[in-house]
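The values are calculated or read from the model by the stated rules, or taken from the named source; none is laboratory data. Computed from a prediction, not measured in an experiment: that's the story for all the values here. All Cβ positions, even for glycine, are placed from backbone atoms using ideal geometry, and neighbour counts span all protein chains on display. Note: accessible area is taken over every heavy atom of the protein model, side chains too, but ligands, DNA and RNA are not part of it. Shrake-Rupley method; radii C 1.70, N 1.55, O 1.52, S 1.80 Å.
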Amino acid sequence: MKTASDLHQTHDTVQETGSYVCSAGITKHLDKGESFPVCPKSKQETAWRHVDHEHQSGDKVTEFGAYVDKDGEHVELFEGETFPSCPKSGQSTTWKHDGTIEVNA
């Protein structure tokens, strides 16, 4: 898993164009040079991560959302839960956001 330096806060400048996910699990496409917005759901300041960041089995979930593992298995996890082992193999795995909750606002 990438470190906390991969966390961006509302009003920080976007350094890399791409899709980002806020702590509420909402994904939004942002362009380089824009400012990270408030959460589209809560309208409050929030933390953002690039959707391509990875988590390992056993890591604590930091953003609500749907996740997919390297084998294509999908799970929905809530903030504070723990990333599980692969549902199919039972082995440790990596997880990424599946990016299904997109907001264009």
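Brief remarks on what is shown
- Three principal axis extents describe the C-alpha atoms of region 40-80; from largest down they are 35, 17, 17 Å.
- Label-point gap, in nm, between GLU76 and LEU7 - each point 7 angstrom along Cα→Cβ: 2.5 nm
- Only lysine pairs 8 or more places apart or on separate chains count here, and in the chain those with Cα atoms under 20 Å apart total 12.
- Carbon-plus-sulfur accessible fraction, the chain (probe radius 1.4 Å, protein heavy atoms only): 47%.
- Labels on offer are [x] 37, 31, 27; [y] 35, 27, 22; [z] 41, 23, 21, and the one holding Cα extents along the principal axes in Å computed from this structure is [z].
- Calculated accessible area for the chain comes out at 55 Å² per residue, all protein chains present (probe 1.4 Å; ligands, DNA, RNA ignored).
- DSSP loop trypsin sites (Lys or Arg not before Pro) with at most 14 other Cβ within 10 Å: longest gap in the chain: 3-31
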